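The values are calculated or read from the model by the stated rules, or taken from the named source; none is laboratory data. Fair warning: this is a prediction, and the values are worked out from it, not measured in the lab. Positions of Cβ are generated from backbone atoms using ideal geometry, with glycine treated the same way; all protein chains shown enter the neighbour counts. To get the accessible areas, we keep the full protein, side chains included, count just its heavy atoms, and leave off ligands, DNA and RNA. Shrake-Rupley method; radii C 1.70, N 1.55, O 1.52, S 1.80 Å.
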Amino acid sequence: MGGKSRWDYLKAIYVRYHKVSKRLRAQILDEFCQVCDYNRKYAIRLLNGPAPQKPKPIVRKGRRLAYGAKVISALTAIWEAAGYPCSVRLKAVLPLWLPWAIKRMALTAQVQKQLLTISPPTIDRRLKGKKRQLKKRLYGRTKPGTLLKHHIPIKTDSWDVKSPGFTEIDLVSHSGNSASGEFLHSLNVTDIHSTWVESRAVMGKSQIGVLNAMRDIEQALPFKLLGIDSDNGSEFINYHLKTFCDQNHIQFTRGRPYKKDDNAHIEQKNYTHVRKILGYLRYDSQAVQKAINELYQNELHSFQNLFLPSMKLSKKSRVGSKLKRSYDTPQTPLERVLKCPQADPVKVQQLKRLRDQTDPFELAKRIEQKLERIYQLANQRVSPQPKDPLNQSPTRSEKQALSEIAKIFATQLQK
């Protein structure tokens with residue numbers, strides 16, 4: 001018998017023990033010692049002692065919260081305006097955004113000091129409730145191509161570059177629920193060393209359209225384009241892009257078919273820099289293409305590269321059966337470019353002046369306003385709609401399962 005059961009048994013017989021005669025008390029005492037395996041003297045002390053009561057719960061006093069409501073309110077405002085970065089990146093965002101936050105929120109010196117000293121684990125704990133409200137989303141689609149594959153080498157080893165210019169590229173479709181007809185794609189380019197990102201909207205998967213967007217992106221980069229790595233789609237594996245790379249002495253490689261891990265850097269940016277912003281609506285008009293490109297070339301170009309720190313994987317080590325990943329200190333793409341002697345000094349100075357003169361909160365507000373207009377220009381007839389589980393038609397696998405069940409019942413009925 002466990003300790004709780006013995007205590008419950010003592011409470012059950014305690015009142016009865018004190019109400020009966022001396023002869024019956026002896027019988028209750030004998031039974032108590034036999035059931036609970038107690039020494040007789042110890043059992044007598046329990047029955048003659050104070051009445052057993054429910055133990056009072058121990059109220060443990062936790063530590064007082066070090067960061068008050070004003071600190072968390074300012075932290076939340078910066079977190080939302082910066083596009084919900086993780087705690088480590090948000091920690092790097094705070095010193096960069098704090099001068100503009102002081103003007104907007106009238107932060108006291110104490111609040112400023114606490115914002116600069118708050119740790120990433122504390123940020124995770126204090127923002128945990130708000131993070132649950134964020135929705136999970138999916139990735140887009142791509143289609144492999146076969147042209148010119150034997151001319152373009154496959155790259156499967158990990159990137160180990162010490163200078164900017166080597167990039168990964170990919171297309172993200174904006175087709176909504178239907179892949180028929182022409183619709184926009186976002187050409188997404190990310191630099192491996194500096195994490196610099198550039199995007200352009202292209203109508204369809206035209207090889208000439210992709211080439212023109214690639215030329216525009218090349219001019220916008222603050223460093224020389226040295227290499228591109230793509231998937232096996234025909235929009236990339238073609239003579240137009242191959243000739244462009246050969247003429248400009250650009251290394252052109254590709255990943256293996258159906259192996260997205262070969263292009264892991266750009267696959268991550270496809271979500272954080274395209275899907276998370278433009279969603280899954282269908283964009284298929286010239287007007288919305290112009291609006292998206294204007295957003296890509298101006299506000300998002302500055303917001304993502306000048307004000308949002310990113311983390312880079314520095315090394316991987318195996319501890320037993322687990323793989324431990326270590327990351328470097330979060331930095332903005334511009335901060336990484338500033339440390340590279342290969343960067344264009346004229347463009348770098350222009351970007352530094354732009355960063356010093358731009359209010360990130362106002363920039364985030366302009367992005368939201370332009371996105372509202374872009375959402376209104378979307379083709380809502382073939383864009384994703386919430387699914388009604390009552391009216392949802394069965395999938396192909398569900399139809400096959402129902403067919404197999406019907407066959408089994410038919411066989412049993414025949415028997």
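For region 248-280, chymotrypsin sites (Phe, Trp or Tyr not before Pro) are listed when DSSP marks them as loop and at most 12 other Cβ atoms sit within 10 Å of their Cβ; the list is TYR258. The computed semi-axes √(5λ) of the Cα gyration tensor in Å for the structure shown corresponds, within [x] 61, 34, 23; [y] 31, 28, 19; [z] 33, 30, 24, to [x].
In the chain, the longest principal axis of the Cα atoms and the axis of helix 3-19 are about 30 degrees apart.
Between the helical axis of 286-297 and the longest alpha-carbon principal axis of the chain there is an angle of about 80 degrees. Scalar couplings 3J(HN,Hα) for region 211-222, obtained by applying the Karplus form with A = 6.51, B = -1.76, C = 1.60 to θ = phi - 60°, are 5, 5, 5, 5, 5, 5, 5, 4, 6, 7, 5, x Hz; x denotes Gly and Pro. Counting only heavy atoms of the protein chains and using a 1.4 Å probe, LEU338 has close to 70 Å² of accessible surface.
Think of region 31-120 as a dipole: +1 on every Lys or Arg Cβ, -1 on every Asp or Glu Cβ, centred on the Cα centre; then among TRP97, GLN34, TYR67, TYR67 lies furthest on the positive end. Go ahead and run the numbers for FRET between SER321 and GLU372, Cβ-Cβ distance against an R0 of 41 Å, rounding to 0.05. Calculated transfer efficiency: 0.30. The magnitude of the dipole of region 196-291, with charges of +1 and -1 set on the Cβ of Lys/Arg and Asp/Glu and taken from the Cα centre, is near 220 debye. Full extension of the chain between SER178 and LYS290 yields a length gain of 38.1 nm, computed as 0.36 nm times the residue separation minus the alpha carbon distance. Here the relative contact order of region 262-334, from alpha carbon pairs under 8 Å that lie six or more residues apart, stands at 23 percent.
Remark: spin-label model distance LYS131-LEU98 equals 2.2 nm, labels positioned 7 Å along the Cα→Cβ axis.
Measuring only protein heavy atoms, the 1.4 Å probe finds LEU313 accessible over about 90 Å². Here the simple spin-label model places points 7 Å from the Cα toward Cβ, and for ASN212 and ILE44 these points are separated by 10.5 nm. For CYS340, the solvent-accessible surface computed with a 1.4 Å probe is close to 10 Å², ligands and nucleic acids excluded. Approximating the spin labels as points 7 Å out from Cα along Cα→Cβ, the LEU313-to-TYR280 distance works out to 2.6 nm.
Legend: calculated FRET efficiency, ASP8 to THR117, from the Cβ-Cβ distance at R0 = 41 Å, rounded to 0.05, equals 0.20.
Applying 0.36 nm per residue to the separation of GLN380 and GLN357 and subtracting their alpha-carbon distance, the gain on full extension is 4.5 nm.
Only helices enter this figure: runs of n ≥ 4 DSSP H residues, each worth -39500 (n - 2.57), summed and divided by the residues of the chain, yield -15000 deg cm²/dmol at 222 nm to the nearest 500.
Among the trypsin sites (Lys or Arg not before Pro) in region 291-362, those placed in a DSSP loop whose Cβ has at most 14 other Cβ atoms within 10 Å are LYS339.
Helix 87-105 and the long axis of the chain differ in direction by around 80°, with both axes built from C-alpha atoms. At a 1.4 Å probe, what is the % contribution of carbon and sulfur to the accessible area of the chain? Whole-percent figure for carbon plus sulfur exposure: 53.
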